[in-house]
Structures are given as structure tokens and as C-alpha cells.
Amino acid sequence: MKPWTTLAAILLALIAVLQLTRYALGWQVTVNGVEIPLWASGIAFIIAAAVAALLWRESRGPKRG
């Protein structure tokens, strides 16, 4: 297993969970006076979860059959 790839996958999975939590609970986020819309967290969840899944698959190595 590749430890840095696994660590990156875990970090991205945590980010995805936080984005999904924000989306589900409706947390408001304001950055420099600009409110970030909730739909942005939905998109961020999909991207972070997809990249985490791909990295997790890569960290497991090639399938042996």
C-alpha cells in the first residue's frame, strides 16, 4: 500500500463528510462578506468523494487474479 495516497484518500473523505454535513444541516458560511451557497457544498461533496474513492482504489494496488 502507498501510505501517502491512503492519507490523501482519508483526508478527502473527511472533507466530503464535512461538505455533506453542511449541505444536510444547512450551515451558512460567509467568506469575506460573501455567503457561499449550499449547492456549492453538494458539488464539493461529489468531487471530494469521487477523488477519495479513486485514491483509495489506487492505494490498494493492482488486483491479482
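The values are calculated or read from the model by the stated rules, or taken from the named source; none is laboratory data. Bear in mind that the values here come from a model prediction, so they are computed numbers and not experimental data. Please note: Cβ atoms are built from the backbone with ideal geometry, for glycine as well, and neighbour counts cover all protein chains shown.
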Could we say that residue 33 is at pLDDT 95 or above and at positive phi here? yes
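Do we have residue 24 as surrounded by 12 or more Cβ atoms within 10 Å (Cβ to Cβ), assigned to a helix (DSSP H, G or I), touching a helix residue (DSSP H, G or I) at 6+ places or on another chain (Cβ under 7 Å) and among the aliphatic types (A, V, I, L, M) here? Don't jump to the end; show me each part of the working.
Working: surrounded by 12 or more Cβ atoms within 10 Å (Cβ to Cβ): yes; assigned to a helix (DSSP H, G or I): yes; touching a helix residue (DSSP H, G or I) at 6+ places or on another chain (Cβ under 7 Å): no; among the aliphatic types (A, V, I, L, M): yes.
Taking the combined requirement at face value, the residue does not satisfy it.
Take residue 56 and tell me if it is modelled with pLDDT under 95, surrounded by 13 or more Cβ atoms within 10 Å (Cβ to Cβ), part of a helix (DSSP H, G or I) and aromatic (Phe, Trp, Tyr). Steps first, answer last, please.
Numbers: modelled with pLDDT under 95: yes; surrounded by 13 or more Cβ atoms within 10 Å (Cβ to Cβ): yes; part of a helix (DSSP H, G or I): yes; aromatic (Phe, Trp, Tyr): yes.
Yes, satisfied.
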Out of the residues in the stretch 27-36 meeting the condition of being of a type in the set (A, V, I, L, M) and closer than 20 Å to residue 47 by Cβ, tell me which one is surrounded by the most Cβ atoms within 10 Å (Cβ to Cβ). 36
